[in-house]
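Values quoted throughout were computed directly from the atomic coordinates according to the rules given, and no laboratory measurement underlies them. Not measured: the values here are computed from a predicted model.
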Amino acid sequence: MTEYALTVDPGVRDLRAADHLLRELATELALAEGVFGCTHLVRGDRPRVALSLAVPSEPLLRTALERLTARGYEVRDGLPDPAGRAVLFPGAAALTGTLTVAELLSRSAIDRVTVLGAHGPPTPGALLVTRDHVRPQWQDGELVLTAMPAAGGALVPFEVPEPTPCCADH
């Protein structure tokens, strides 16, 4: 990522709400395409989802920090952890429909794709049905998308766009 980062703790408890808030804040702050916006699970006495923004310059970081603090958010310098789940990242908007793995990698900041249960990476020509919901994670300094096999030999991102809440039928 980058050395210009901050963490926002909005007190939200689910990923969908955190994704929405992250996009809303990026729009309000007029953040450029080159920004990384991630969610981070915070465990402990008060489980929740923190947000991080990594920006390309110190002036942009200061501006974001001032505006977020003025809005009443709890904000601090740096990242909460090195393993954020990327919602905003360079090229994210271009990852729609069905793409080859090579197209996904060339169009975005994603460094590599892994497939659950596979021995090794997928071929560059493997098809990935994005479902317009691509959430790679930071792993050892690389942005990695985890995929899983789908019908017809294609791949899909591991994270589904509309997950069924736990215990939804109770």
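Taking amide H as placed 1.01 Å from N in the peptide plane, THR100 has its amide H under 5 Å from the amide H of LEU128, each at least 5 places away in sequence or on another chain. The long axis of helix 15-28 is offset from the longest Cα principal axis of the chain by roughly 60 degrees.
Can you give the Kirkwood hydrodynamic radius of the range 1-69 from its Cα pairs, in Å with one decimal?
Kirkwood radius, the range 1-69: 12.3 Å.
Diffusion of the range 92-157 by Stokes-Einstein, at 25 °C in a medium of 0.890 mPa s and with Rh set to the Kirkwood radius over alpha-carbon pairs, works out to 210 µm²/s.
Convex hull volume per residue, computed on the Cα atoms of the chain, equals 137 Å³. The phi-based Karplus calculation (6.51 cos²θ - 1.76 cosθ + 1.60; θ = phi - 60°) puts the 3J(HN,Hα) values of the range 30-47 at 6, 6, 6, 4, x, 7, 9, x, 10, 9, 9, 7, 10, 9, x, 5, 10, x Hz, whole numbers, x for Gly and Pro. For the options ASP14, ASP45, ASP111, a Gaussian network treatment of the chain with springs between C-alpha atoms closer than 10 Å singles out ASP45 as fluctuating the most. What percent does the relative contact order of the range 92-157 come to when contacts are Cα pairs within less than 8 Å and at least six residues apart? With pairs under 8 Å counted, the relative contact order is 35 percent. 3J(HN,Hα) along the range 64-70, derived from phi through the Karplus expression 6.51 cos²θ - 1.76 cosθ + 1.60 where θ = phi - 60°, amounts to 4, 4, 5, 5, 5, 5, 4 Hz, with x in place of Gly and Pro.
Between ARG131 and GLY97, the built amide H atoms are under 5 Å apart, and every one of these is 5 or more places off in sequence or on another chain. Considering only GLY153, GLY72, GLY44, the Gaussian network model of the chain with Cα springs below 10 Å gives its largest mean-square fluctuation to GLY44. Amide H to amide H, with H built 1.01 Å from N, VAL87 comes under 5 Å of GLY37, CYS38, THR39, counting only residues 5 or more places away or on other chains. Across the range 5-88, Cα pairs under 8 Å and at least six residues apart give a relative contact order of 45 percent.
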